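Remarks on the structure that follows.
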Amino acid sequence: MYERLIREALAKMGRIATNPAHVEAWMRLEYGTLDHLGGSRWTRAVKEAADCVDASSTHDNDRLAESYGLRLSGEPSKPSQAVKCECGADAHEATSPMCMDCAGRAFDLFVKSGPSSVSAKDARRGRV
């Protein structure tokens, strides 16, 4: 959805070789949703994300983009697949590995305990 807009912003910056999927992944990591970015905020976010792409390895950029379900340039489109949470319920989105219930519990645990790796199983059981 955002690939064309990111590609246009990158072209204006003279960074046409930068992979827009990598940039979008870094933007999503920073902002979650991109709908609220517009005008100069969009341009600044694209530049900051492109700088992150430059500072990271291609392997890490690919893995980050894949974690958001973004198609890397040159890859054939894959049919959408339903994603299941570890608890067996349907995940919230194709780019999220958890259902809404487990994600809510994981967020609550994250806020209580600070940064840690919280799996859906641990969230469901109320553990960190």
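For the stretch 3-67, with only Lys/Arg (+1) and Asp/Glu (-1) charged at the beta-carbon, what is the dipole magnitude about the Cα centre, in debye rounded to 20?
Details: 9 positive and 11 negative charges, 59 e Å.
In total the dipole reaches around 280 debye.
Extending 7 Å from the Cα toward the beta-carbon at both residue 59 and residue 87 defines two label points whose distance is 3.5 nm.
Test of understanding: what is the full-extension gain from residue 4 to residue 31, defined as 0.36 nm times their sequence separation minus their Cα-Cα distance? Mind showing how you got there, number by number?
Details: separation 27, 0.36 × 27 = 9.72 nm, distance 1.85 nm.
Fully extending the segment from residue 4 to residue 31 adds 7.9 nm.
Can you sort 12, 47 by how many other beta carbons sit within 10 Å, fewest first?
Numbers: 12 11, 47 15.
Fewest-to-most ranking of 12, 47: 12, 47.
Counting neighbouring beta carbons within 10 Å and listing from fewest to most, the residues 33, 43 come out as 33, 43.
Using a ≥ b ≥ c from the Cα gyration tensor of the stretch 3-67 (square roots of the eigenvalues), is it rounded, prolate or oblate, where a/c under 1.5 gives rounded and otherwise the larger of a/b and b/c decides, a/b for prolate? Judged from the Cα gyration tensor, the stretch 3-67 comes out oblate (a/c at least 1.5, b/c at or above a/b).
For the stretch 59-66, putting each phi into the Karplus relation 6.51 cos²θ - 1.76 cosθ + 1.60 with θ = phi - 60° gives couplings of 4, 5, 5, 4, 4, 5, 4, 5 Hz, in residue order, rounded to whole numbers and with x for Gly and Pro.
Any read-out appearing in this document is the output of simple, stated calculations on the displayed coordinates, not a laboratory observation. Since this is a predicted model, take the numbers as computed values, not measurements. Cβ coordinates were reconstructed from backbone atoms using ideal geometry, including for glycine residues, and neighbour counts include every protein chain displayed.
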